[in-house]
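Colleague: One structure, as structure tokens, below. Some questions next.
Quick note: the coordinates plus some simple rules give every number you see, no bench work behind them. Computed from a prediction, not measured in an experiment: that's the story for all the values here. Cβ placement follows ideal geometry from the backbone for every residue including glycine, while neighbour counts extend to all protein chains displayed.
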């Protein structure tokens, strides 16, 4: 990959990418507007409200994920309280929309640096925004948003290191990796992916390994919150994530691997994948993408691979697409149109509507809250439902300790009742924690709770025998 000094100067001003290309600027601004509109109409999901709850209870890190998403939801809470309730979904997601848009801008820079005259920024931006994980996924308050930002900055640093070898970029690489580790543990795939790409392209001599000491030191400093929290908590988060992704409690099921390949092919766009395999040969970004997909292929033999785990592989693969892809572009648009239309059609089927009906989100939580507001103190069934009830009402509703899989709530003393009598919102199919044997259980039968039946929920009065 050759870079000339002249080419570097052309893109020295960061805003040149947008201001010198009116079409690209229009696409970028339209994407921001589209995210704002979608964020307004799509209700808050249970995972999002769970991260909001983290922001109300700041720690160095958390059992489920590192802390960056909590830092962001702390900012989100400012907008949430500033705007009227009707704008709840949008106001809460504003910081995440800003960061996801900033990430796109950084990737435009990365794409320009890597592809020079071989690239097409308009083409890349359209493919980027049509990708479900990168486009629509850019509105949700999840750890993927800060992960993507710091991954993109880390990749920018690598590209600049290959150009200039300045210590500044080795330092920025360390900072980006450290903050990426504070966002999501998937950032650990970045260094081996870079190393594999360097070895594959025989470019490893372009990296001055003695300067990597700076990267290591700054990376260690900026990921310190996660390391300290884990050291203080018996490495609980590390163990949970390793078991979650690489050590399923069940025997291997061929559906794990088949589902992984099917999901990745459908989400990424098989037209683009075909082009990369057939027409793109030596590409640093492509090598990084395929090494990540290879890792998750291995992981699929150990446990279920969730679709969003490969988000960084998607953007790296798209960055390898050059302007010769124009011959395939219309086919990729046709596929993307069919994908989104097919997804909407599935959601309108009885199967899809049932999935949507049971999916924990803020509209559902509002109905549940109104139906159960006479039963206090109330404890929730899962971290999603409990955090949603808290989010939409500002009234704390803690998950009952041990009622569902271990999470942040189980580490809070408020999740274990101190009252002699309390109420529990519970899924009909879930069991009770062992400690509840010391209490008397009474199922509440009330017509006002009929809405709960639609979601397989019920309310119990729990009383001490004493």
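Colleague: If you work out Cα Rg over 2.2 N^0.38 Å from the coordinates, which of (i) 1.05; (ii) 0.99; (iii) 1.29 do you get?
Modeller: It is the one labelled (i).
Colleague: Using 0.36 nm per residue of separation minus the Cα-Cα distance, give me the extension gain between residue 258 and residue 210 in nm, one decimal.
Modeller: Full extension from residue 258 to residue 210 adds 13.0 nm.
Colleague: Give, in nm to one decimal, the length gained when the segment between residue 464 and residue 395 is fully stretched (0.36 nm per residue of separation minus the Cα-Cα distance).
Modeller: 22.4 nm
Colleague: Using Cα pairs under 8 angstrom and six or more residues apart, how large is the relative contact order of region 362-464, in percent?
Modeller: 28 percent
Colleague: Take each of the peptides 332-343, 374-385, average the number of other beta-carbon atoms within 10 Å over its residues, and list them starting from the highest.
Modeller: So the peptides 332-343, 374-385, ranked by packing, come out 374-385, 332-343.
Colleague: If you don't mind, there's one more thing I want to ask. Taking the Cα atoms only, what angle lies between the long axis of helix 68-82 and the longest principal axis of the chain, rounded to 10 degrees?
Modeller: 70 degrees
Colleague: Continuing with this model, one more query. Label-point separation (nm) for residue 339 and residue 22, each offset 7 Å from Cα along Cα-to-Cβ?
Modeller: About 3.1 nm, to one decimal.
Colleague: Here is a further query. Would you please give the FRET efficiency between residue 202 and residue 351, computed as 1/(1 + (r/R0)^6) with r the Cβ-Cβ distance and R0 = 45 Å, to the nearest 0.05?
Modeller: 0.35
Colleague: Could you calculate the contour length gain from residue 331 to residue 246, that is, 0.36 nm times the residue separation minus the distance between their Cα atoms, to one decimal place in nm?
Modeller: 27.0 nm
Colleague: Angle check, please: helix 167-181 long axis (alpha carbons) against the longest principal axis of the chain (alpha carbons), in degrees 0 to 90, nearest 10.
Modeller: That works out to roughly 20 degrees.
Colleague: May I pose another question? In nm, to one decimal, how far is the residue 358 label point from the residue 405 one, both placed 7 Å along Cα→Cβ?
Modeller: Between residue 358 and residue 405, the label points sit 1.5 nm apart.
Colleague: Along each of the three principal axes of the Cα atoms of region 362-464, give the extent in whole Å, ordering the values from largest to smallest.
Modeller: 32, 28, 24
Colleague: So, R0 is 22 Å and r is the distance between the beta-carbons of residue 117 and residue 280; what FRET efficiency does that work out to, to 0.05?
Modeller: Working from the Cβ atoms, E equals 0.90.
Colleague: To the nearest 0.05, how large is the calculated FRET efficiency for residue 87 and residue 441 if R₀ is 41 Å and r is the Cβ-Cβ distance?
Modeller: The computed FRET efficiency comes out at 0.50.
Colleague: If you rank 94, 74, 123 by fewest surrounding Cβ atoms within 10 Å, what's the result?
Modeller: 74, 123, 94
Colleague: If you find the alpha carbon centre of region 311-353 and of region 247-283, how far apart are they in angstrom?
Modeller: The two parts, judged by their Cα centres, are 14 Å apart.
Colleague: Listed highest first by mean packing, meaning other Cβ atoms within 10 Å per residue, what order do 24-34, 155-165, 76-86, 356-366 come in?
Modeller: Highest-to-lowest ranking by the protection proxy: 155-165, 356-366, 24-34, 76-86.
Colleague: Provide the packing ranking of 200-210, 102-112, i.e. peptides ordered by the mean count of other C-beta atoms within 10 Å per residue, highest first.
Modeller: Result, highest mean first: 102-112, 200-210.
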